[in-house]
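The values are calculated or read from the model by the stated rules, or taken from the named source; none is laboratory data. From a predicted model like this one, the values you see are computed outputs, not experimental measurements. Quick reminder, even Gly has a Cβ in these numbers, built from the backbone with ideal geometry, and neighbours come from all protein chains shown.
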Amino acid sequence: MNRKKSGVVVSVVLFFVLACSTGAMAQTSAPIKIGFMGNLSAAFSLSAKGAAQMAVDEMNSAGGIAGRPLELIVEDTKGEIPKAVELYKKLVMTDKVSAVVIGEKVEMAVAGMEIGAELFREFPHIMFSTIGSGDVIWHHVRDNYEKYKFGFQTYYSVSTNYLNIWGPLNAQVFKELAGAKKVALVYEDMEWTKPLRKGLKDVSPPLKEVYAQNGLKVVYETTLSTDQKMFTSVFEEIAAMEADVIDATVGYIDEGALIKQWEQSSARDLPLYIWGGLAGMPPAWKVTEGKCLGVLVGSSMIRVPITEKTIPFMDNLMGKYKVGPIFGSHTTYDTLYGFKKAAENAGGVGNIEALIKSLENVEEVAVLGTIGWDAKLHYNLPYPKYVTPIVQWQKEGDQGAMKVIFPAEYANAKYMPPAELRK
């Protein structure tokens, strides 16, 4: 080969080497895109969106994921399933996100999971549901792993864990703290309460039987429509049945009206335990005009350091992102940090199978304990890994404050009967 031809060959080789290396550098330095979907007219989705942005900003300040920055793409579902499906397709097919976070009730996540399964082979990605405790998502993973293995659920507990874990814990709280022997059960008519009302075949009996197995007699049981506004007759019936405690498995009904009518009823001296929703949020005191005094509720919105992340998370979310840390915000924030650690353990996001396996084995310090997912069922690790304290509304000066009464290691107050708190 003469010198001239040799120079041409070298030039061509160098061109391809440079082109390939430039492409590889662009690929490895390109942002990892995260999609967020939620109903941005709803407080829980807005709070989750703020938490997602805070996690992304913090990660980018610390160098991103494996040296790559993150980019958050936010979409508003307006609470409409058809719109959510179209936005999911857009995020995965057009924006080419590595993960879709659905910060909305579980029905939206189920719809996203179905379209995601259709797209997964051509557009590999991860789906996270961070609001909603229904069992449908993990049932999909259990029943058809290969089709739905990209789906993961992060909430305080799924409905199954409410039965298997929180049912016995609630019974312990009712008996040991409130001295209860008889309980009245009040449910709201929603997807997440169905397993509690009816049980799950081969998994758990209904909550009524769980309580019976743990030494509590259920003397009253009813289911309320989410549109219901009048509850006085329910409380009068409960009082007539001589219950010792009221277990309100609700989160979406008008809790302001529920609490006010409880406080004015013959059942006002019975402890009222609410599973979530408004009662576990700081505005409840103002909304109920202080009538929530004595109410028990599962709440993550308390300034108790479950981990070193808890209080900084709450302060930064309110201070920098101007949203309150209501349900869905903690789980969204913790999800993204779990994703970051899993991606780094997997060597990045390029190998979806490695990323899924990494997510199935990851554990990371979280705002509410430890974040991670069940290796076979893909719901997040339940209590005692991930903690939802039970609080009671008590007086603090002229105002009310949520005080942790359970678990004992995080408690900053003792349970007090409602009648005693009103003195």
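Collect the residues in the range 404-414 that are surrounded by 16 or more Cβ atoms within 10 Å (Cβ to Cβ) and either out of contact with any strand residue (DSSP E or B) (no Cβ under 8 Å at 6 or more places or on another chain) or free of Cβ contacts under 8 Å to residues at least 60 places away in the same chain (or both), keeping them in residue-number order. Passing the criteria: Pro407, Ala411. Here Thr331 meets each of (1) within 15 Å of Val387 (Cβ to Cβ); (2) part of a loop (DSSP other than H, G, I, E, B) with one exception, condition (2). In the range 65-78 there is no residue matching the filter, namely being hydrophobic (A, V, I, L, M, F, W, C), touching a His at 6+ places or on another chain (Cβ under 7 Å) and surrounded by 18 or more Cβ atoms within 10 Å (Cβ to Cβ).
Take the conditions more than 27 Å from Met108 (Cβ to Cβ) and surrounded by 16 or more Cβ atoms within 10 Å (Cβ to Cβ) and apply them to Pro417. Does it pass?
It is false that Pro417 is more than 27 Å from Met108 (Cβ to Cβ) and surrounded by 16 or more Cβ atoms within 10 Å (Cβ to Cβ).
Candidates Val92, Val100, Val110, Val85: the one that is at pLDDT below 95, in the same structural domain as Lys320 (by TED's automatic domain parsing) and under 22 Å from His140 (Cβ atoms) is Val110. Scoring Val297 on the criteria (1) in a strand (DSSP E or B); (2) in contact with a Leu (Cβ under 7 Å, 6 or more places away or on another chain) leaves a single failure, condition (2).
Can you work out which of the residues in the range 206-245 that are touching a helix residue (DSSP H, G or I) at 6+ places or on another chain (Cβ under 8 Å) and assigned to a loop (DSSP other than H, G, I, E, B) is surrounded by the most Cβ atoms within 10 Å (Cβ to Cβ)? Here the residue is Leu216. Remark: pairs (first residue in the range 308-334, buried (at least 23 other Cβ atoms within 10 Å of the Cβ); second residue assigned to a loop (DSSP other than H, G, I, E, B) and among the small types (Gly, Ala, Ser); Cβ separation under 7 Å; 6+ apart in sequence or on different chains) = Phe327/Gly276; Phe327/Ser300; Gly328/Gly103; His330/Ser300; Thr332/Gly103. Considering the conditions (1) touching a helix residue (DSSP H, G or I) at 6+ places or on another chain (Cβ under 8 Å); (2) modelled with pLDDT under 95, Asn345 is excluded by exactly one of them, (2).
When Lys322, Lys309, Lys340, Lys395 are screened for being closer than 22 Å to Cys292 by Cβ and among the basic types (Lys, Arg), only Lys395 passes.
Within the range 115-149, the set of residues being assigned to a loop (DSSP other than H, G, I, E, B), over 26 Å from Leu46 (Cβ atoms) and not acidic (Asp, Glu) comprises Phe120, Arg121, Phe123, Pro124, Asn144, Lys149. Quick check: anything in the range 241-251 of a type in the set (Val, Ile, Thr), more than 20 Å from the chain's Cα centre (by Cα) and farther than 25 Å from Lys105 by Cα? Yes: the range 241-251 contains one or more residues that are of a type in the set (Val, Ile, Thr), more than 20 Å from the chain's Cα centre (by Cα) and farther than 25 Å from Lys105 by Cα. For the range 103-124, give me the residue count where each residue is touching a strand residue (DSSP E or B) at 6+ places or on another chain (Cβ under 6 Å) and within 17 Å of Lys149 (Cβ to Cβ). Result for the range 103-124: 4. Residue check: is Val97 outside any helix (DSSP H, G or I) and under 19 Å from Asp76 (Cα atoms)? When the stated conditions are applied, Val97 passes them. The condition of being more than 14 Å from the chain's Cα centre (by Cα), surrounded by fewer than 19 Cβ atoms within 10 Å (Cβ to Cβ), charged (D, E, K, R) and part of a loop (DSSP other than H, G, I, E, B) holds for only one of Lys376, Lys357, Lys395, that being Lys376. Does Phe152 qualify as being outside any helix (DSSP H, G or I) and in contact with a strand residue (DSSP E or B) (Cβ under 6 Å, 6 or more places away or on another chain)? Criteria met by Phe152. Of all the residues in the range 79-128, those that are closer than 16 Å to Gly35 by Cα and under 17 Å from the mean Cα position of the chain (by Cα) number 13. Out of Val141, Val173, one residue alone is of a type in the set (Val, Ile, Thr) and in contact with a helix residue (DSSP H, G or I) (Cβ under 7 Å, 6 or more places away or on another chain). It is Val141.
Results for (1) more than 29 Å from His139 (Cβ to Cβ); (2) not assigned by TED's automatic domain parsing to the domain that holds Leu177, shown as yes or no for each residue.
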position: Val287; (1), (2): yes, no
position: Met318; (1), (2): yes, yes
position: Val323; (1), (2): yes, yes
position: Thr332; (1), (2): no, yes
position: Gly338; (1), (2): no, yes
position: Lys341; (1), (2): no, yes
position: Gly350; (1), (2): yes, yes
position: Ser358; (1), (2): no, yes
position: Pro384; (1), (2): no, yes
